Amino acid sequence: MEMTHQLISFLKRLRLSGILDTLESRNQQAIDGKWSYVEFLSRLLQDEVERRSQKQLALRIRRAGINTTKNLEGFDFSFNPGINR
């Protein structure tokens, strides 16, 4: 238990707290699949990279002010009558 508490502290200090979201499930997968240490670490880091990419994308969309709820049904075709519906 002390090792887990220490690991959590290290991950937060290194700003890798996203790994905490998948640590338990990845640990169980590693045990069940008999992963090597390198494979286990690789999967954890892959989870962190994917989480950061998703977070950056969400931030860019929010900063761009893109309305993600638009669809073709709500498009104003009268704006440019030359567009084929």
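The values are calculated or read from the model by the stated rules, or taken from the named source; none is laboratory data. Small disclaimer: the values here were computed from a predicted structure and weren't measured. Methodologically, a virtual Cβ is constructed for each residue, glycine included, from the backbone with ideal geometry; neighbour enumeration extends over all protein chains shown. Quick note on the areas: whole protein, heavy atoms, side chains included, nothing else; ligands and nucleic acids left out. Shrake-Rupley method; radii C 1.70, N 1.55, O 1.52, S 1.80 Å.
Data table
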{"item": "The range 25-85: chymotrypsin sites (Phe, Trp or Tyr not before Pro) falling in loop per DSSP and having at most 12 other Cβ within 10 Å", "result": "F75"}
{"item": "Hits among lysines - C-alpha to C-alpha of K12 under 28 Å, sequence gap 8 or more where chains match", "result": "K34, K55"}
{"item": "Filtered trypsin sites (Lys or Arg not before Pro), the range 1-50: DSSP coil and at most 11 other beta carbons within 10 Å", "result": "R15, K34"}
{"item": "Relative contact order (%) - the chain, alpha-carbon pairs under 8 angstrom, separation at least six", "result": "21"}
{"item": "Computed over the range 2-74, Kirkwood Rh from alpha-carbon pairs, angstrom", "result": "14.6"}
{"item": "Accessible surface of the chain [probe 1.4 Å, protein heavy atoms]: carbon and sulfur percent", "result": "55"}
{"item": "Dipole of the range 2-74, positive direction: furthest Cα of I19, L7, G74, with charges on the beta-carbon", "result": "G74"}
{"item": "For the chain, calculated [θ]222 nm from helices alone, where every DSSP H run of n ≥ 4 adds -39500 (n - 2.57)", "result": "-22000 deg cm²/dmol"}
{"item": "Charge dipole magnitude, Cβ of K and R +1, D and E -1 - the chain, Cα centre, debye nearest 20", "result": "420"}
{"item": "Q6-I66 FRET efficiency (beta carbon distance; Förster radius 41 Å; 0.05 resolution)", "result": "0.45"}
{"item": "14 Å cut-off, amide nitrogen to a point 7 angstrom out along D21 Cα→Cβ, residues in the range 42-78", "result": "44-59"}
